[in-house]
Structure formats: C-alpha cells, structure tokens
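> Structure incoming, see below.
The values are calculated or read from the model by the stated rules, or taken from the named source; none is laboratory data. Predicted model, so just to flag it, every value in this text is computed and none were measured. No Cβ is skipped: glycine too gets one built from the backbone with ideal geometry, and neighbour counts run over all protein chains shown. Side chains are part of the model used for accessible areas, which takes the heavy atoms of the whole protein and leaves out ligands, DNA and RNA. Shrake-Rupley method; radii C 1.70, N 1.55, O 1.52, S 1.80 Å.
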Amino acid sequence: MTQQLLLIWLASLALHASQAQTVPSPLTYECQRTKTHIQIDGNLDDAAWKNAPWTSDFVDIEGAAKPKPRFRTRVKMLWDDKYLYIAAELEEPNVTGALTKHDSVIFKDNDFEVFIKPLPETESYYEFEINALNTGWDLFLPKPYNRGGKADNGWDIEGLKTAVAVQGTLNHPGDVDRGWTVEIAYPLPAFESRQHVTSPRPGTTWRINFSRVEWTPGNPKEDNWVWSPQGVVNMHVPERWGYLHFR
C-alpha cells in the first residue's frame, strides 16, 4: 500500500470512528405497573406518579456534542391493563400555543411528541403530538419516510385522554412562566384499527422516544430536544429510539 493510500485509509477509519461515537446507545425506561387511579388533568400530583421515576433530562436530538437545551424537559411513565400513562414536564418561561384544530401540524407550535413502536420487529410505528392548548395530532407510519413510508393521518387514538396544565399564563409574554405539564392516557387497544398488538405484560419491550420542538422568536430554525438522542436531526429513525420495558 502506498503512503497516499495508507493516509486515505487511516482518514476513513477515523471518520467512521468519529461517526460511531456520535450515535449514542438507546436509553431504557423501566415502566412500573400501577394499581392506583390516575386522573388525567395535566397536574402530576396523583399518588401513583410519586413512585414513577423521571427519565433523564432531554438533550439535543443529535446528542451531547450539541449545546444543552435551554429549558428542562423530562418524562415519566406507568401502565395498567387499559393504558400506557405518560407524564411530561416542560420548563418554559413563555408558554404559547396557536393551533386549535385536531390533526394540525402541531410542531409549528412549541410541542411535545410521543413516538411508539409496539411491534419492534416491524417497520411500523405511531406518532402523537400535542401543544399547550391540548390540541393533538395522531398518525400511523407503516414505515419510516426515508424508506418510502407515508403518514396515515386517518388513524385516531380511540379513547385517548390528554390534559395540559400551564404553570403561568398562556400566550402572555408580559410575565415569566414556569412551564407546562402534560398527562396522556394512551389506550392499549388503540392500535387495533391498523394492526394487532398484544397487550403488554411484565417482560414486554416496546421502542419509544419523546421529542420537544421549541421555536425561538425571530429564528426560522427550531430546536429539537429528545429523550434518547437520535444522532441525526430526524425522529423517524426508530432503531435509535429508547427501550420501554414493562415491569
């Protein structure tokens, strides 16, 4: 091998090593079963939530190499025979929302997003987005967009319960808010209109991730903060989502 070829080969190895280091391993969450009633009102004060651990704080979608998010975001989860419960806490000094029509493109507002893959061996998955006005957008993806998938906006999460509580004043820039909290009761049979998903039991594992889109006034580019980093600016890479273990 000539010296020039050797240098090219070494540079290629260094590039691949660098890229490998920027793609972190997916995170995991141990989701405990609850026997205690949860009232979906946006306030995370139910007794059941006290024993549910928070996820780690969200990071930039590309990972720790990027700047730390300006505002804290974290999630906790529980489950029972009927629902997967999701609670989210979003720090935000100026809580805003404009979209009020169901199935609007919610990420045009600051939002919170849930990506669920209950059948990890398939390409399909489900997405739900919500803003501070409690407006939602639910869709089914038979496969990721980069593999030719097309969003199915006709899928609705039948029996879904959601609520938002604002710790401050919505759409009032004259004061400083603490943020907003979200509660979601995701019905376990909600997938049946698209594919059969066996209800989870202790030991079941799904793939899941969460995203927060945050817009800065005057800046045409949004921030994307996530629980389990993707390594790329694209939530639709399910193999990089976290693992949800039902316990």
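> Please report the net charge: other residues with Cβ closer than 11 Å to the Cβ of ALA165, K and R +1, D and E -1.
-3
> Where in the stretch 183-234 are there chymotrypsin sites (Phe, Trp or Tyr not before Pro) that are in a DSSP coil and have at most 16 other Cβ atoms within 10 angstrom of their Cβ?
Numbers: sites: PHE191, TRP206, PHE210, TRP215, TRP225, TRP227; in loops: TRP215, TRP227.
Passing sites in the stretch 183-234 are TRP215.
> Another question about this same structure. Using only alpha carbon pairs under 8 Å that are at least six residues apart, calculate the relative contact order of the stretch 125-247 and give it in whole percent.
18 percent
> Follow-up question, since we're still on this one. May I ask you to list the trypsin sites (Lys or Arg not before Pro) in the stretch 146-244 that are in a DSSP loop and have at most 15 other Cβ atoms within 10 Å of their Cβ?
LYS150, ARG178, ARG194, LYS221
> If you average over every viewing direction, what projected area does the convex hull of the Cα atoms of the stretch 14-114 give, in nm²?
9.2 nm²
> Say the cut-off is 24 Å between C-alpha atoms; which of LYS50/LYS82; LYS117/LYS161; LYS66/LYS161 go over it?
As for pairs spanning more than 24 Å Cα to Cα, those are LYS66/LYS161.
> Can you give me the orientation-averaged projected area of the convex hull built on the Cα atoms of the chain, in nm²? Working shown, then result.
Working: hull surface 64.4 nm².
Convex hull of Cα atoms, orientation-averaged projection: 16.1 nm².
> I would also like to ask the following. Send over the per residue convex hull volume for the stretch 73-113, Cα only, as a whole number of Å³.
88 Å³
> Which whole-angstrom value gives the distance between the alpha carbon centres of the stretch 72-105 and the stretch 132-191?
Distance between centres, Cα-based: 6 Å.
> Let me ask another. What's the carbon and sulfur percent of the chain's accessible surface, probe 1.4 angstrom, rounded to a whole number?
53 percent
> Please give the net charge around VAL232, taking every other residue with its beta carbon less than 10 angstrom from that of VAL232, where Lys and Arg add +1 and Asp and Glu add -1. The partial results should precede the final answer.
Working: positive: ARG240; negative: GLU62.
Local charge sum for VAL232: 0.
> So what's the stretch 101-230 giving for Cα Rg divided by 2.2 N^0.38 Å, two decimals?
Working it through for the stretch 101-230, the quotient is 1.14.
> Give the cross-link partners of LYS68 among the lysines, using a straight C-alpha distance below 18 Å as the criterion and excluding same-chain residues fewer than 8 apart.
Cα-Cα hits under 18 Å: LYS221.
> Based solely on its DSSP helices, what 222 nm [θ] is calculated for the chain when runs of n ≥ 4 H residues each add -39,500 (n - 2.57) and the sum is averaged over all residues, nearest 500 deg cm²/dmol?
-3000 deg cm²/dmol
> Related question: Convex hull over the Cα atoms of the stretch 32-171, averaged projected area in nm²?
Seen from a random direction, the Cα hull of the stretch 32-171 projects 10.0 nm² on average.
> Still on this model: With a 1.4 Å probe and all protein chains left in place, how much accessible area per residue does the chain have, in Å²?
Solvent-accessible surface per residue comes out at 50 Å².
> Okay, moving on. Tell me, what ³J(HN,Hα) does each residue in the stretch 159-165 have, in order and in whole Hz, if you take phi through Karplus 6.51 cos²θ - 1.76 cosθ + 1.60 with θ = phi - 60° and put x for Gly and Pro?
x, 4, 10, 9, 7, 10, 10
> May I ask for log10 I(q)/I(0) of the stretch 161-246 at q = 0.12, 0.22, 0.24 Å⁻¹, from a Debye sum over the Cα atoms as equal point scatterers with solvent left out?
-0.59, -1.23, -1.28
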